[in-house]
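Novice: The structure's right below; bear with me while I get my questions together.
The values are calculated or read from the model by the stated rules, or taken from the named source; none is laboratory data. Remember, predicted model here, so these are calculated numbers, not experimental data. When we count neighbours, we look across all protein chains shown, and the Cβ atoms used for this are built from the backbone with ideal geometry, even at glycine. Remember, those area values only see protein heavy atoms, side chains included, never the ligands or the DNA or RNA. Shrake-Rupley method; radii C 1.70, N 1.55, O 1.52, S 1.80 Å.
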Amino acid sequence: MTYKIKSRAVFASRFAAVATTVGSSVGLGNIWRFPYEAGECGGGAFLLFYVGFVCLLGVPLLCAEFCMGRGTRSNVVGAYRKLEGGRPWHIVGYLGVLASVLILSFYSVVAGWTLEYLVQSVGAATSLSSGLDAHSEFVSLTSGWRPTLWTVIFSAVNYIVLSGGVKRGIERMSNILMPILFVILVAFCINSATLSGFRQGIDFIFSPDFSKITRGTLLSAMGQAFFSLSLGVGGMMTYASYFTDKTRLIRTAGITASLDTLVAVLAGIMIFPAVFTYGLSPQAGPTLVFEVLPRVFSQMPGGIIWSILFFMLLVIASLTSTVSISEISISYLSEETGMSRRLATVVSSGVVLIGSVLCALSYGPLRDWLPFGMNVFNLFDYVASNILLPIGGMACSIFVGWMIDKVYLRKEFGVIGKKGGNTLKILVFCLRWICPSAILLIFLNAIGII
Ligand code: TRP
């Protein structure tokens, strides 16, 4: 196989590389998915496992994806191809492309809900701002055809950003907006302390109650860790292919994992006190955050402004993530099949659009279509997050741990002579033994074998 050498974009600075990577990982996964998964799976105990998985699996796997992407400067399929030495490992890459399409399908729907809430808050004359009955409000928003419209609008915005190219589009947004989102989240956490359910909410999320752990909890916590860190499908690999040689991989992995986890914890502090204050159930599922937040905003002074600001930032955080998910299939199509980047963007957005329309309708007209007992939205989420991401992660850790040449790894991790040698040894040990066996054990646990 020969490769066309194309001149590829690179991120302009080390800061941009970190900001963009954090931008990919921080998104709806932290603010929408984490609270509802934690709520369904027992709060504190879930958080504990989640943080454990981020450290034990997340950081080593981030390093593994980074080194494959940066060293080969390729998309996920191409990276495996260049390093596999004639074995068929690039199939893992195809799996990643498939998972990215599933993820983007339901992700765009949630981003569409967010967009609708943003527009409603700007309109402010609606019941959203009064927050009287957020549940029926949400039900009326998600049933019917309206979510489809918002999903399509969001996808169009995503398409426009993608057409701007990697550097211009993504970099600018991440650099400016991520810090603002962070500040706003802290403000909401401070506001949480004024709510009557503050203690109860904090207890729920920070004191682990192991009796609430069920068979699926470990798998869900692991799936959430992969999802939130954009791991397992080559998302981080694809981004790392735009890093310069100066980017320090282990440090970037550490910063990304810490900030991403911090944002999830902040989201927990923001949501759970409100859940208890307003007498809601933490087990509401994917709709949780959208039912809770309007009530929080309605009791804050200047609630409409907060609401606009929050949903605006959430739309943007989603956008920095959807751009990164889209990049997986676009870079694959344009580099492996010889399509132009423009055509690749059109093809991949078109395929995802079909998936996201199905997901958008699955809380409305397709409500009763339940393949494997779940609606399409939940099915896509479950298959991608709890099955494909961990499998992809396991394959990547085995590949980097066992198959890749040590000289390559020493170069990527900047090991010169003895300097940094031990860190690399620990990393390789984790990738060879700990990550694959932990993932395997959790799968066996989930299906009831252990
Ligand atoms: N991590 C992002 C979030 O938390 C979602 C995401 C972006 C993602 N790129 C990905 C998930 C690649 C899996 C794979 O919102």
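Novice: Give the carbon-plus-sulfur fraction of the accessible surface of region 178-332 in %, rounded to a whole number; probe 1.4 Å, heavy atoms of protein chains only.
Specialist: Carbon and sulfur together cover 67 percent of it.
Novice: Dipole magnitude of the chain about its Cα centre, charges +1 at Lys/Arg Cβ and -1 at Asp/Glu Cβ only, in debye to the nearest 20? Spell out each step's value before the answer.
Specialist: Details: 31 positive and 20 negative charges, 393 e Å.
The dipole magnitude comes to about 1880 debye.
Novice: Give me the distance in nm between label points sitting 7 Å out from Cα along the Cα-to-Cβ direction at S340 and D405, one decimal.
Specialist: Distance between label points: 3.7 nm.
Novice: Moving to a separate point now. Grab the Cα-Cα distance for R248 and F206, subtract it from 0.36 nm times how many residues apart they are, and report the gain in nm with one decimal.
Specialist: 11.8 nm
Novice: Accessible area per residue for the chain in Å², computed with a 1.4 Å probe and the full protein assembly in place, what is it?
Specialist: Counting only protein heavy atoms, the per-residue value for the chain is 39 Å².
Novice: If you scale each eigenvalue of the Cα gyration tensor by 5 and take the root, what three semi-axes come out for region 241-296, rounded to whole angstrom and sorted largest first?
Specialist: 36, 11, 8
Novice: For the chain, what is Rg from Cα atoms divided by 2.2 N^0.38 Å, rounded to two decimals?
Specialist: In units of the 2.2 N^0.38 Å rule of thumb, it is 0.94.
Novice: Report the gain in length on full extension from C189 to I160: 0.36 nm times residue separation, minus Cα-Cα distance, nm rounded to one decimal.
Specialist: Values: separation 29, 0.36 × 29 = 10.44 nm, distance 3.33 nm.
Using 0.36 nm per residue and subtracting the Cα-Cα distance, I get 7.1 nm.
Novice: With point charges of +1 on the Cβ of Lys and Arg and -1 on the Cβ of Asp and Glu, referenced to the Cα centre of region 310-450, which listed residue (Y382, G417, S334) lies farthest in the positive direction of the dipole?
Specialist: G417
Novice: Determine the gain in length on full extension of the stretch V119-I176; use 0.36 nm per residue of separation and subtract their C-alpha separation, reporting nm with one decimal.
Specialist: So the chain would gain 18.3 nm between V119 and I176.
Novice: Where a ≥ b ≥ c are the square roots of the eigenvalues of the C-alpha gyration tensor, would you call region 334-413 rounded, which needs a/c under 1.5, or, failing that, prolate if a/b is larger than b/c, or oblate?
Specialist: Values: a/c = 4.67, a/b = 1.62, b/c = 2.89.
Oblate shape, in that a/c is at least 1.5 and b/c is the bigger or equal ratio.
Novice: Kindly write out, for region 20-27 in residue order, the coupling ³J(HN,Hα) from the Karplus curve 6.51 cos²θ - 1.76 cosθ + 1.60 (θ = phi - 60°), rounded to whole Hz, with x marking Gly and Pro.
Specialist: Running phi through 6.51 cos²θ - 1.76 cosθ + 1.60 with θ = phi - 60° gives 6, 5, 5, x, 5, 7, 7, x Hz.
Novice: Another one. Taking 8 Å as the Cα distance limit and 6 or more residues as the minimum spacing, I'd like the relative contact order of the chain as a percentage.
Specialist: About 34 percent, as a whole number.
Novice: Shifting gears a bit: Rg/Rh for region 297-437: what does it come to with C-alpha atoms and Rh from Kirkwood?
Specialist: My calculation of the ratio gives 1.11.
Novice: Tell me, how many Å apart are the Cα centres for region 62-92 and for region 152-223?
Specialist: 29
Novice: Give the longest segment of the chain that steers clear of chymotrypsin sites (Phe, Trp or Tyr not before Pro) in DSSP loops with at most 14 neighbouring Cβ atoms within 10 Å, not counting the sites themselves. List each step's numbers first, then the result.
Specialist: Working: sites that count: Y3, W145, W369.
In short, 146-368.
Novice: Return one quarter of the surface area of the convex hull spanned by the alpha-carbon atoms of region 1-95, equal to its mean projected area, in nm². Spell out each step's value before the answer.
Specialist: On the way: hull surface 33.3 nm².
Here the figure is 8.3 nm², rounded to one decimal.
Novice: Given axes a ≥ b ≥ c from the Cα gyration tensor, I'd like to know whether region 191-267 is rounded (a/c under 1.5), prolate (a/b larger than b/c) or oblate.
Specialist: Numbers: a/c = 3.50, a/b = 1.77, b/c = 1.97.
Oblate is the answer for region 191-267, as a/c is 1.5 or above yet b/c matches or exceeds a/b.
Novice: With label points built 7 Å along Cα→Cβ from the Cα atoms of L366 and N422, find their separation and express it in nm.
Specialist: Inter-label distance under the simple model: 5.4 nm.
Novice: Counting other Cβ atoms within 10 Å of each Cβ, which trypsin sites (Lys or Arg not before Pro) in region 404-440 have at most 13 and sit in a DSSP loop?
Specialist: Answer in residue order: K418.
Novice: When a/c reaches 1.5 or more, the comparison of a/b and b/c decides; with that in mind, is region 236-376 rounded, prolate or oblate per its Cα gyration tensor?
Specialist: Working: a/c = 2.25, a/b = 1.34, b/c = 1.67.
Here region 236-376 falls in the oblate category.
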